[in-house]
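Comments concern the structure below.
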Amino acid sequence: MAGVVKVGKWGGNGGNPFDTGAATRLLDIRVRHGGAIDAIQIMYMKDGKIQWTPQYGGNGGVLTEITLQEGEFLISISGYYGTFQDYYVVRSLTFGTNLSTYGPYGEQEGTTFSIPLEDGKIGGFFGRSGGFLDAVGVYVGPK
């Protein structure tokens, strides 16, 4: 996608790096959460193909699935990062779309972050993950 930029990465330096790249359209977001964000997994469309990313993070917490409607797209992400069980990780995530708000998932404790967009959309994620979602950043591009 032309005009796409990477914004952030909020959280810690643990785990391994991941990068979904920028997609044409996000379709579904799975979040595993409890006292922190255990994991995220994304279904997206890119080059006309629908696919799932690997699960980034561990298997703990409660699984919540967000299915985006036709014409719905991600316009904000916010949350908290900080220490949880001696790890410096993403503690909470809230997703905003042009139609709704999903979350907060996890616990709203630590340092806050927010990326609201007035004229664009979020089209992918990058960060670090291990047993938890250690850090998260986003790809921002035109609507």
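Please treat every number below as a calculation from the coordinates, not as lab data. All values derive from a computational prediction rather than experimental measurement. Neighbour counts are summed over all protein chains in view; Cβ atoms, including those assigned to glycine, are modelled from backbone coordinates with ideal geometry.
If you scale each eigenvalue of the Cα gyration tensor by 5 and take the root, what three semi-axes come out for region 1-102, rounded to whole angstrom and sorted largest first?
23, 15, 14
Give the shape of region 45-143 as rounded, prolate or oblate, defined through the alpha-carbon gyration tensor: a ≥ b ≥ c are the square roots of its eigenvalues, a/c under 1.5 means rounded, and otherwise the shape is prolate if a/b is larger than b/c and oblate if not.
Prolate shape, in that a/c is at least 1.5 and a/b is the bigger ratio.
How big is Rg to Rh over region 96-137, alpha-carbon atoms, Rh as the Kirkwood inverse-mean-distance radius?
0.97
Any idea how far apart K49 and T83 come out in nm if each label point goes 7 Å out from Cα toward Cβ?
Between K49 and T83, the label points sit 4.4 nm apart.
Let me have the relative contact order for the chain, percent, based on Cα pairs under 8 Å that are six or more residues apart.
Averaging sequence separation for qualifying contacts and normalising by length gives 34 percent for the chain.
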